Amino acid sequence: MTSTIKEKIEHLRKTVRYHDRKYYVENNPEITDYEYDQLLKKLQHLEKLQPELITPDSPTQRVGGEPLTQFPTVEHKLPMLSIDNTYSEEELKEFDLRIKRMSGINAHQDIEYVVELKIDGVAIALWYENGLFVRGATRGDGFKGDDVTANLRTIHQIPLKLETSAKKEYIPTRLEIRGEIYLPNTEFQKLNESREEAGEPQFANPRNAAAGSLKLLDPRITAKRHLRIFTYAIGYYEEIEFKTHIHCLEFIRSLGLPVNHHTRLCKNIEDVVCYCKEWDKRRSGLDYMVDGMVIKVNSLSIHNQLGATSKAPRWVISYKYQPEQAITKIEDVVVQIGKTGTLTPVANLTPVLLAGTTVSRATLHNFDEIARKDIRVGDRVVLQKAGEIIPQVVSVLKEKRIGTEIIFKEPALCPACKGIVSRDAEEVYLRCHNPFCLAQAKRRIQYFASRDAMDIEGMGPALVEQLVDKGFLKDYADIYYLKYDGLVNLERMGEKSASNLIHAIEKSKDRDLDRLICALGIHNVGSHTAEVLAEHYDSLDKLSNATQDKLEGIYEIGPVVAKSIVEFFQNEHTQVIIKKLNAGGVNTRKLATQKSVKNPKVSGKSFVITGTLQKYSRMEAETLIKNLGGRVMSSVSKKTDYLVVGEEPGSKLDKARALNVHILDEEAFEKIIS
Ligand code: IVH
């Protein structure tokens, strides 16, 4: 009996590993997400029956264990060196001549180079013993780094067990692979959006977000960040031989680790220059940040011959791209108050063109940042798109000051309610602690009514402002006590829009529990966590009585989130609001799940969405597709059946065209799903 379960478990693990590789590494899934989940559930079930058979390399064991209190330090077997930088074609050609001179090669002879994208993330070393992933560490000071194994295990692209491809390569007893951990731009944006919703400070760029996520002490939170990796070198290895770097990369790829597909073998330095220039234009179309190219001599015997300086190997160089910058003036600094009370200083700028868009605002992150950079109102500043996504102030042109610039003082009171503000636990952010602060209430109500929450059509930010200012709303539960007679007399509100709004409010009373949980605006709880909670508790009442322990027992809910939930429901103010929601007729229970209706045009088909749709939020469109039996993928591949294109589509559209994927505009999409 035991042996058959054991065999089944082993077979399932192999199957799940195979599909992990297809999905996460090769971008070429063979089964639906549903089928994959079923396999994993089956494996979890069998392991539950025979817990003694659980091994650390099982795909069920990616996220586990308790949060750490600190990261142990690990010494690197070989130092993790840096790379020297170049910024021009001339410097690249000098590098080529230097290599030839040092290795005794004739200046007219060609040298082969491997040219790779320089991923702007966090360097990492992965240590495998007998094919098992045993340890992963950050670069640290190059000699010693932090042991972040538990967090790295949550990255599905990193095999917990190495498996060779059909060629049956030999797996060395000890092997160290090096690579870069990064956060895709789309994930970075989602993360910042949910942090904004949860009232938490945003990350400045994808690199900071990746570094921050890797340094979280609770791997359950890291797992939700969806970090990714590209591997680009072998650090330490034994028992095997390689002649070229490209051979090393092929070997790493054959073991199931992701190697970037844009890596190119160039026959000489002219080819290298061309390829570097080509990518300066192409890189903006990728879903990850590339800050340059890395040029490596292909021949490993030349590597050995040249060796390294104390800082960097001599056989490699990077060609760095210039980040786009612009100079503009700070007109004003305003303080925004988030829905949990965080005060964020924002600069209003004289509008300026930067990397293709007009920028008129930049976040200044926090008040220490203003002091550190000595940013004053009226200053001329250098602006840069941090990770080319969010504009940030790089530096102040102090020599341009004329003496009229004004130092911005950190507010002692909340600028909206004049309530007390104080630093949060990490001492970085200022927070207003007044539960009745109207600025916070506005943000909370706006969020409650938004598309991804209770979706109350017509109740946009401007109307919420007005309703709060006029005293109609103090909290979001008041929405359900609004009367037609009160609304119809408001500015910019006619009879038709007032009755439409009343109708939309009525409709929102029947939203499912997960939307309501999300709409409550609990610190650290965004739409995904709300879905997870609604799967475990079928009413708001049950959730509000859940203990910290019980919540932490849920896969995907860590202690920080659990604490936020408990604190939220214990708050007297919350209790009053929930009573009001109940009495106002808002559904607080889980609705019976709709049976998915198969639609032959959608069922079994794979969809990717790009750009902004007018009638649906991303979540709505995805739910529609899934309910009709379709799949939603994040990137376009040969297997994509449809690309749904909204306004301002991204590079996915180019890729879909290149792969001849069927493209649907919003109208065509509606026809298909109707
Ligand atoms: S090779 C000694 N290849 O860039 C050479 N590094 O600025 C080892 N990086 O610390 C690194 N993409 O974190 C290499 N394709 C790539 C890379 C890459 C990004 C990072 C890496 C390194 C840093 C140096």
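One equal scatterer on each Cα of segment 491-572, no solvent, Debye formula: the resulting log10 I(q)/I(0) at q = 0.13, 0.20, 0.27 Å⁻¹ is -0.48, -0.83, -1.35.
Which of the residue pairs Lys329/Lys385; Lys281/Lys320; Lys605/Lys638; Lys277/Lys639; Lys215/Lys373 have a Cα-Cα distance greater than 21 Å in the structure shown? Walk me through the numbers on the way to the answer.
Values: Lys329/Lys385 16 Å; Lys281/Lys320 13 Å; Lys605/Lys638 12 Å; Lys277/Lys639 31 Å; Lys215/Lys373 26 Å.
Distance filter (> 21 Å) returns Lys277/Lys639; Lys215/Lys373.
Counting only DSSP beta bridges with both residues in the chain, tell me the antiparallel percent, nearest 5. Walk me through the numbers before you get to the answer.
Working: 77 of 91 bridges.
Taking every DSSP beta bridge within the chain, about 85 percent pair in antiparallel fashion.
Amide H contacts for Ile234 (H built 1.01 Å from N in the peptide plane; partners 5 or more residues away or on another chain; cut-off under 5 Å): Arg178.
Need the full-extension length gain, Asp665 to Glu169, defined as separation in residues times 0.36 nm minus the C-alpha distance. One decimal, nm.
Details: separation 496, 0.36 × 496 = 178.56 nm, distance 4.62 nm.
Roughly 173.9 nm would be gained on extension.
So, R0 is 51 Å and r is the distance between the beta-carbons of Tyr87 and Asp469; what FRET efficiency does that work out to, to 0.05? Don't skip to the answer; put the middle values down first.
Working: r = 53 Å, r/R0 = 1.04.
The formula returns an efficiency of 0.45 here.
For an R0 of 25 angstrom, estimate the FRET efficiency from the Cβ-Cβ distance between Asp510 and Glu535 and round to the nearest 0.05.
Values: r = 19 Å, r/R0 = 0.77.
My answer for the efficiency is 0.80.
Under a model in which nothing but the beta-carbon of Lys, Arg (+1) and Asp, Glu (-1) is charged, the chain shows a dipole of about 500 debye around its Cα centre.
Which shape class, rounded, prolate or oblate, goes with segment 412-550 when its Cα gyration tensor gives a ≥ b ≥ c as root eigenvalues, a/c under 1.5 marks rounded, and past that a/b bigger than b/c marks prolate? The partial results should precede the final answer.
Details: a/c = 2.54, a/b = 1.17, b/c = 2.18.
Because a/c hits 1.5 or more and a/b fails to exceed b/c, segment 412-550 counts as oblate.
Taking segment 651-670 and a reference point 7 angstrom along Cα→Cβ of Lys601, the backbone N atoms nearer than 13 Å belong to 663-670.
Distance from the Cα centroid of segment 16-44 to that of segment 437-451 is 39 Å (rounded to whole angstrom). Loop-resident chymotrypsin sites (Phe, Trp or Tyr not before Pro) (DSSP state other than H, G, I, E or B) in segment 545-593 with no more than 12 further Cβ atoms inside 10 Å of their Cβ: Tyr555.
Taking only Cα atoms, what is the 0 to 90° angle, nearest 10, from helix 89-103's long axis to the longest principal axis of the chain? For helix 89-103, the angle is close to 40 degrees. A Cβ-based charge dipole, computed about the Cα centre of segment 531-593 with Lys and Arg at +1 and Asp and Glu at -1, lands at about 280 debye.
Within 10 Å, count the other beta carbons around each residue, average over each peptide in 69-75, 187-193, 234-240, and list them highest first.
Averaged packing, sorted descending, gives the order 187-193, 234-240, 69-75.
Could you pull out every residue, at least 5 positions away or on a different chain, whose amide H is within less than 5 Å of the one on Val290? Hs are placed 1.01 Å off N in the peptide plane, and Pro or chain starts have none. Amide H neighbours of Val290, under 5 Å, 5+ apart: Asp120. Relative to the Cα centre, the charge distribution of segment 381-479, modelled as +1 at Lys and Arg Cβ and -1 at Asp and Glu Cβ, gives a dipole magnitude of about 380 debye.
Please give the peptides 328-334, 610-616 ranked by average Cβ packing (other Cβ atoms within 10 Å per residue), highest first, as a rough proxy for protection. All intermediate terms of the calculation are to be shown ahead of the outcome.
On the way: 328-334: 17.3, 610-616: 15.6.
Going by the mean number of other Cβ atoms within 10 Å, highest first, we get 328-334, 610-616.
Among residues other than Tyr476 whose Cβ falls under 11 Å from its Cβ, what is the net charge (Lys/Arg +1, Asp/Glu -1)? Don't skip to the end; give the middle numbers.
On the way: positive: Lys339, Lys442, Arg443, Arg444, Lys474, Lys580; negative: Asp475, Asp478.
Neighbour charge sum, excluding Tyr476 itself: +4.
Using a Förster radius of 25 Å, what is the FRET efficiency between Gln614 and Ser284 based on their Cβ-Cβ separation? Nearest 0.05, please.
Working: r = 25 Å, r/R0 = 1.01.
Step by step, r from the Cβ atoms, then E = 0.50.
Among the cysteines of the chain, those with no neighbouring cysteine Cβ under 4.7 Å are Cys248, Cys266, Cys274, Cys276, Cys518.
Other residues with beta-carbon under 15 Å from the beta-carbon of Asp332 carry, at +1 per Lys or Arg and -1 per Asp or Glu, a net charge of +2.
Pairs of lysines in segment 1-87 whose Cα atoms sit within less than 28 Å of one another amount to 16, provided the residues are eight or more positions apart or on different chains. Pairing the Cα long axis of helix 559-570 with the longest principal axis of the chain, what angle in degrees results, from 0 to 90 and rounded to the nearest 10? Computed tilt is about 0 degrees.
Between Leu353 and Ser499, the distance separating the two model label sites (each 7 Å from Cα on the Cα→Cβ line) works out to 5.0 nm. Candidates Val115, Val63, Gln50 compared by Cα position along the dipole of segment 1-132: farthest toward the positive end lies Gln50, with charges placed on Cβ. Amide hydrogen proximity for His662: with H placed 1.01 Å from N in the peptide plane, the residues at 5 or more positions away or on another chain lying under 5 Å are Leu643. The angle between the Cα long axis of helix 33-49 and the longest principal axis of the Cα atoms of the chain comes to about 80 degrees, rounded to the nearest 10. Per residue, the chain reaches -10500 deg cm²/dmol at 222 nm when only DSSP H runs of four or more residues are counted, each adding -39500 (n - 2.57). Where Lys and Arg each count +1 and Asp and Glu each count -1, what net charge lies around Asn28 among other residues with Cβ under 13 Å from its Cβ? Counting the neighbours of Asn28, the net charge comes to +1.
Coordinate-derived values only; no laboratory data. Computed from a prediction, not measured in an experiment: that's the story for all the values here. Note that we place each Cβ from the backbone using ideal geometry, even for glycine, and neighbour counts take in every protein chain shown.
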